Amino acid sequence: MKVDSEQFFDSIFLSYNKILERLHILGITTKNGKEISELDLRRAVDIMIKKHPTCRWRSEKIKSRKYFVLVEGYYWLTQVYFQKEKPLIDADIDFFKLRIKQYEELLKIEYNKNWWNEDMDIKQLCEHFNRKDITVRKAIKKMCDSELEEYKFLVDNKVVISKEGVEWICKNVFKQKYLELLEKYKIELTELYIEAGYPYDNFFFKN
């Protein structure tokens, strides 16, 4: 019975020691190829919490002196932070896209999000992406250099970018904005997941 309950808890959250044990078994190392230490893990979790506080991946200390990390957070550590194949932002985006797909399949929800439904001029783009005029113009140039000049046109002598162009710029230049949109939607799905009766940020009084 104790083993069964431990396996149940491990399917929802893990202690730092158990995470370290799994990382070592999998042969996952630091960027320098060294075995991951407890300090390395604590730094990684701190970065995870700083980047994605709304995901609630780490427990709050209530009675326990130690933290626990949700299995979803553990997956983030292995698939994003400690991976070495791609830039962190790209791995982060891929992770959230995968989690969203998994939530949608489990909850039987059809994807219906449309974040890019209007054309924007440069001023609107600056506000949308929270970037300076010159930075937005560089992003537009990058888009045009990628043979997508059809996404750029003039309206009353103002440069306007089509909704398809806004999407391209978001996904290929201002990726942090894209990540924020994905994370927000993932949290919406998480709340539906909890409402459906699945355990998420429930640490069963272990914390």
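The values are calculated or read from the model by the stated rules, or taken from the named source; none is laboratory data. Everything numeric here is computed off the predicted structure, so don't read it as measured data. Cβ placement follows ideal geometry from the backbone for every residue including glycine, while neighbour counts extend to all protein chains displayed. Surface accessibility is based on the protein's heavy atoms, side chains included, excluding ligands, DNA and RNA. Shrake-Rupley method; radii C 1.70, N 1.55, O 1.52, S 1.80 Å.
Please give the helices (runs of 4 or more DSSP H) falling wholly within the stretch 66-160 in which 1 or more residues are at positive phi and out of contact with any Ser or Thr (no Cβ under 9 Å at 6 or more places or on another chain).
none
Can CYS170 be described as open to solvent by less than 30 Å² (accessible area, probe 1.4 Å) and more than 21 Å from the chain's Cα centre (by Cα)?
So CYS170 fails the test.
Scan the stretch 140-158 for residues that are modelled with pLDDT of 95 or more and β-branched (Val, Ile, Thr) and jot them down.
ILE140 - this is the single residue of the stretch 140-158 that is modelled with pLDDT of 95 or more and β-branched (Val, Ile, Thr).
Taking into account only those residues within the stretch 48-65 that are of a type in the set (D, E, K, R), assigned to a loop (DSSP other than H, G, I, E, B) and out of contact with any strand residue (DSSP E or B) (no Cβ under 8 Å at 6 or more places or on another chain), which is most open to solvent (accessible area, probe 1.4 Å)?
Quick first cut of the stretch 48-65, residues of a type in the set (D, E, K, R) only: 50-51, 56, 58, 60-61, 63, 65.
Filter once more, keeping what is assigned to a loop (DSSP other than H, G, I, E, B): 56, 60-61, 63, 65.
Going one step further and asking which of them are out of contact with any strand residue (DSSP E or B) (no Cβ under 8 Å at 6 or more places or on another chain), we end up with 60-61, 63, 65.
Working: GLU60: 130, LYS61: 101, LYS63: 180, ARG65: 221 Å².
So the residue we want is ARG65.
Just name the residue that is farthest from the chain's Cα centre (by Cα) out of those in the stretch 1-47 that are open to solvent by 40 Å² or more (accessible area, probe 1.4 Å) and among the aliphatic types (A, V, I, L, M).
Residue satisfying both the conditions and the ranking: MET1.
Of all residues in the stretch 161-177, which are aliphatic (A, V, I, L, M), in contact (Cβ under 8 Å) with a residue 40 or more places away in the chain and not in a helix (DSSP H, G or I)?
Correct list: ILE161 only.
Which pairs have Cβ atoms under 7 Å, sit 6 or more apart or on different chains, and link a residue in the stretch 100-127 that is more than 30 Å from ILE140 (Cα to Cα) to one that is part of a loop (DSSP other than H, G, I, E, B) and open to solvent by 30 Å² or more (accessible area, probe 1.4 Å)?
Close Cβ pairs satisfying both conditions: GLU104/TYR111; LEU107/ALA196.
Would you confirm whether any residue within the stretch 89-98 is open to solvent by 80 Å² or more (accessible area, probe 1.4 Å) and either over 26 Å from ILE187 (Cα atoms) or free of Cβ contacts under 8 Å to residues at least 24 places away in the same chain (or both)?
no
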